[in-house]
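Encoded as structure tokens, the structure appears first; notes follow it.
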Amino acid sequence: MKTFKSKKRAAWLMAAVMMGTFTFGGMTMHTTYAAVPTKTLVHDSQMKHATIKDLDNDTRVFAVDKTIEAKKVTFQNRYGFDVAGHLYLPKDFDDKKQYKAVVVTGPFGAVKEQSSGLYAQEMAKNGFVAVAFDPSTTGESSGKRRNMGSPEIFTEDYSAAVDFVSNLKFVNSQQIGAIGICGLSGMAITAATNDTRIKAVATSAMYDMSDSIRNHYQGDYYTPEQREIVKHHLAEMRDEEAKTGKSIPGSHELAVDKDGKVISTKTMFPDKLPADAPDVVKGFYDYYVGRAYHPRAINSNTLAWDSTTPYGFFNFSLMEHIKELSPRPLLLITGDKAHSKYFSDAVYAAADGPKEEIVVPGATHTDLYDQMDKIPFDRLVAFFNKYLGE
């Protein structure tokens, strides 16, 4: 159970978000006023179910570059969800020009104010129009059922983001790429496999969530008997939600203890990690609960996934058609100390070309979320410049 102190902290932080000013990681975020009139961008948008507004209540948790302008946007996917995002514009933006564009989201359980926003900002600093977005049902995106993970809908969100940027008059619709971070990497690759408007795709700290949830770490999680126990647990959760009409929070990756009981928690982490917690867990905790805390992020310990989230990932495999990604080029970025490296290795081995894998010396999985000395942005920019065109 959460302590009173942690509840008070979460409430205080949410109030600060609503007021539009708060100090995150030593940086004070204030409402900013855009140099490019929003009405100009609205005029240049040709997507019917989309909005562009000034970015107020700025709660981004990375070092914001004030020379890069950001707008708050929404766009509707084909299921009718309104996907919320931040639109980043290049320096010296001119709406009479046409720019290359990238769409980016992730990690799984994060929000656009965290890692994906940092990546989008860096791409904008290098001349790209970029959109970081919250997957459907999470963050500021719509969905009556909150925090319901879905491989299909999250993949669709990438294509919806392409709908949005390709219908901006200042974007060249033939020069659009996608970036997936951590658990949204599989969705980025899957979207690019079938949506030919995505001309190139890159991943960072890749996770294949369908494999991770169904088979866990390197496929060694469930015995056949344990898998059946988990399926029965999911059926019970569905039945309870149907009876009550209420969402039940729970773990997106379910463990089975030695007594055959399913282990599910209502938050990602305990309020305080034990001293002997694994380094991988410490890495996630230090990012989400520490330096990149955000009250809308599931992984920041104030929210949880819906307990029936595993259904979609049990039913569908994201990498099933990886061969069909070619001829669209693929870049995989991982670290030599990343516990997730095997996901990138497996996809690199399975995919046809063009393909490239960058292994960053000394980088852990979460280093690739926000550590500027570890993320090879120069290589990422060069990849998209090569395949989208200068």
Checking rank on 90-98, 110-118, 63-71, 358-366, with mean other Cβ inside 10 Å and highest first, the result is 110-118, 358-366, 63-71, 90-98
Considering Cα pairs under 8 angstrom that are at least six residues apart, work out the relative contact order of the chain and quote it in whole percent.
15 percent
Taking the Cα centroid of region 283-318 and of region 125-176, what is the distance between the two, rounded to the nearest whole Å?
19 Å
If each residue of separation counts as 0.36 nm, what is the full-extension length gain between residue 258 and residue 272 once their alpha-carbon separation is subtracted?
2.6 nm
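Rounded if a/c is under 1.5, else prolate if a/b beats b/c, else oblate: with a ≥ b ≥ c from the C-alpha gyration tensor eigenvalues square-rooted, which is region 209-306? Intermediate results must be reported in sequence, preceding the final value.
Details: a/c = 2.13, a/b = 1.28, b/c = 1.67.
Taking the square roots of the gyration eigenvalues as a ≥ b ≥ c, region 209-306 is oblate.
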Amide N of region 87-106 lying under 15 Å from the label point, which is placed 7 angstrom from the Cα of residue 38 along Cα→Cβ:
87-88
What does the highest-first list of 302-311, 381-390 look like by mean Cβ count within 10 Å?
302-311, 381-390
On a full-extension model of 0.36 nm per residue, what is the gain between residue 320 and residue 144, subtracting their alpha-carbon distance, rounded to one decimal in nm?
60.4 nm
Of all DSSP beta bridges located in the chain, what percent are antiparallel, nearest 5?
50 percent
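Which percent of the accessible area of the chain is formed by carbon and sulfur heavy atoms (probe 1.4 angstrom)?
Numbers: 9000 of 16900 Å².
Of the solvent-accessible surface of the chain, carbon and sulfur hold 53 percent.
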Cα-based shape type of region 147-191, given that a ≥ b ≥ c are square roots of the gyration tensor eigenvalues and the cut on a/c is 1.5:
prolate
Report the far tail of the P(r) of region 112-253, meaning the percent of Cα-Cα pairs longer than 23 Å.
45 percent
Solvent-accessible area per residue for region 149-234 (1.4 angstrom probe, square angstrom):
30 Å²
Taking a straight Cα-to-Cα line shorter than 17 Å from residue 261, and setting aside same-chain lysines fewer than 8 residues away, one finds 231
For residue 356 and residue 240, compute 0.36 nm times the residue count separating them, minus their Cα-Cα distance, and round to one decimal in nm.
37.2 nm
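Can you order the peptides 42-48, 323-329 by their average number of other Cβ atoms within 10 Å per residue, highest first? Write out the running numbers ahead of the final one.
On the way: 42-48: 13.7, 323-329: 16.3.
Put in order of decreasing packing, that is 323-329, 42-48.
The values are calculated or read from the model by the stated rules, or taken from the named source; none is laboratory data. If you're wondering where the values come from, they're calculated on a predicted model, not measured in any experiment. Because the Cβ atoms are built from the backbone with ideal geometry, glycine has one as well, and the counts that use them run over all protein chains shown. Quick note on the areas: whole protein, heavy atoms, side chains included, nothing else; ligands and nucleic acids left out. Shrake-Rupley method; radii C 1.70, N 1.55, O 1.52, S 1.80 Å.
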